[in-house]
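*Asks:* Got a structure for you, questions after.
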There are 2 protein chains.
Amino acid sequence: MKATVHVKLKRDVLDPQGKAIQRACAALGYDAVRDIRQDKLFEVELDAHDETAARALLDELCQKLLANPVIEDYRVVAVEA
Amino acid sequence: MKATVHVKLKRDVLDPQGKAIQRACAALGYDAVRDIRQDKLFEVELDAHDETAARALLDELCQKLLANPVIEDYRVVAVEA
């Protein structure tokens with residue numbers, strides 16, 4: 001099965017990387033860009049009997065490895081066979 | 001306007017970061033995880049008259065700053081007012 005997971009910094013956590021990109025945009029003349037946040041996108045290929053099992057496994061993986069739940073939120077956005 | 005952009009390594013480009021995560025999964029006992037790729041997710045807030053203008057600006061930004069077109073593919077997945 002193939003799954004897509006988004007891991008994003010919580011809204012109240014500073015994103016210095018995004019800030020740096022936003023400043024680079026301004027330096028290049030793109031003043032229309034007000035804010036940029038850079039987050040993580042995972043594409044996972046896994047063995048699972050069904051979508052429920054896959055989602056349970058992905059949830060565990062996110063908690064333990066893919067995300068830092070203190071400063072990040074994660075979301076399994078798609079699971080397909 | 002708010003936009004979401006995905007920047008992914010081209011399929012034939014090695015992703016050592018994803019490989020390391022996949023090995024960490026195996027070390028933690030998650031053998032069901034066959035492959036992981038880590039890509040980038042940008043959330044951009046920008047000023048634009050309409051969606052067409054926003055998409056044109058985002059396209060330019062991706063070409064110049066957000067992606068490396070030699071090894072990465074980008075896609076503007078959503079633009080909303």
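*Asks:* Out of contact with any helix residue (DSSP H, G or I) (no Cβ under 7 Å at 6 or more places or on another chain) and surrounded by fewer than 20 Cβ atoms within 10 Å (Cβ to Cβ): does that describe B:Asp59?
*Replies:* yes
*Asks:* Right, here's the next one. For the stretch A:60-68, state whether one or more residues are in a helix (DSSP H, G or I) and in contact with a Pro (Cβ under 7 Å, 6 or more places away or on another chain).
*Replies:* yes
*Asks:* Within the stretch A:56-81, track down each residue that is free of Cβ contacts under 8 Å to residues at least 12 places away in the same chain and of a type outside the set (Val, Ile, Thr). Let's see the steps before the verdict.
*Replies:* Pass one, the stretch A:56-81, residues free of Cβ contacts under 8 Å to residues at least 12 places away in the same chain: A:56-57, A:60, A:63-65, A:68-70.
Across the stretch A:56-81, the qualifying residues are A:Ala56, A:Leu57, A:Glu60, A:Gln63, A:Lys64, A:Leu65, A:Asn68, A:Pro69.
*Asks:* Could you check, for the stretch B:21-28, whether at least one of its residues is open to solvent by less than 50 Å² (accessible area, probe 1.4 Å), more than 10 Å from chain A (Cβ to nearest Cβ) and within 19 Å of A:Met1 (Cβ to Cβ)?
*Replies:* First pass over the stretch B:21-28, keeping only residues open to solvent by less than 50 Å² (accessible area, probe 1.4 Å): B:21-22, B:24-26.
Those still in the list that are more than 10 Å from chain A (Cβ to nearest Cβ) too: B:26.
Next cut, within 19 Å of A:Met1 (Cβ to Cβ) only: B:26.
Scanning the stretch B:21-28 turns up at least one residue that is open to solvent by less than 50 Å² (accessible area, probe 1.4 Å), more than 10 Å from chain A (Cβ to nearest Cβ) and within 19 Å of A:Met1 (Cβ to Cβ).
*Asks:* Can you name the number of the only condition in (1) in contact (Cβ under 8 Å) with a residue 12 or more places away in the chain; (2) part of a loop (DSSP other than H, G, I, E, B) that A:Arg11 fails?
*Replies:* (1)
*Asks:* Kindly evaluate B:Ala3 against the criterion of being in a helix (DSSP H, G or I) and either hydrophobic (A, V, I, L, M, F, W, C) or more than 9 Å from every other protein chain (Cβ to nearest Cβ) (or both).
*Replies:* Details: in a helix (DSSP H, G or I): no; either hydrophobic (A, V, I, L, M, F, W, C) or more than 9 Å from every other protein chain (Cβ to nearest Cβ) (or both): yes.
So B:Ala3 fails the test.
*Asks:* Within the group B:Ala56, B:Ala27, which residue is under 18 Å from the mean Cα position of the chain (by Cα) and of a type in the set (Gly, Ala, Ser)?
*Replies:* Only one candidate passes the filter, namely B:Ala56.
*Asks:* Based on what the data block shows, is B:Leu65 crowded, with 19+ Cβ neighbours inside 10 Å and either modelled with pLDDT of 95 or more or closer than 20 Å to A:Gln17 by Cα (or both)?
*Replies:* Answer is no for this residue.
*Asks:* Output the residue which, of all residues in the stretch A:68-77 that are out of contact with any Cys (no Cβ under 6 Å at 6 or more places or on another chain) and open to solvent by 30 Å² or more (accessible area, probe 1.4 Å), is farthest from A:Lys40 (Cα to Cα).
*Replies:* It comes out as A:Val70.
*Asks:* Would a scan of the stretch A:33-56 turn up a residue that is of a type in the set (A, V, I, L, M), open to solvent by 40 Å² or more (accessible area, probe 1.4 Å) and outside any helix (DSSP H, G or I)?
*Replies:* Checked against the condition, which is being of a type in the set (A, V, I, L, M), open to solvent by 40 Å² or more (accessible area, probe 1.4 Å) and outside any helix (DSSP H, G or I), the stretch A:33-56 yields no hits at all.
*Asks:* Does at least one position in the stretch B:21-30 carry a residue that is in contact (Cβ under 8 Å) with a residue 12 or more places away in the chain and more than 16 Å from A:Asp39 (Cβ to Cβ)?
*Replies:* Within the stretch B:21-30 (the criterion being in contact (Cβ under 8 Å) with a residue 12 or more places away in the chain and more than 16 Å from A:Asp39 (Cβ to Cβ)), the answer is yes, since at least one residue qualifies.
*Asks:* Failed condition for A:Val33, given (1) under 17 Å from the mean Cα position of the chain (by Cα); (2) closer than 26 Å to B:Ala54 by Cα, with all others met?
*Replies:* (1)
*Asks:* Same structure, new question: So in the stretch A:6-20, with the set limited to residues that are facing chain B (nearest Cβ under 9 Å) and under 26 Å from A:Arg55 (Cα atoms), which one is least open to solvent (accessible area, probe 1.4 Å)?
*Replies:* For the stretch A:6-20, the residue satisfying everything is A:Val7.
The values are calculated or read from the model by the stated rules, or taken from the named source; none is laboratory data. If you're wondering where the values come from, they're calculated on a predicted model, not measured in any experiment. Reconstructed Cβ throughout: ideal geometry from the backbone, glycine too, with neighbour counts over all protein chains shown. When the accessible area is computed, the model is the full protein with side chains, heavy atoms only, and any ligands, DNA or RNA have been set aside. Shrake-Rupley method; radii C 1.70, N 1.55, O 1.52, S 1.80 Å.
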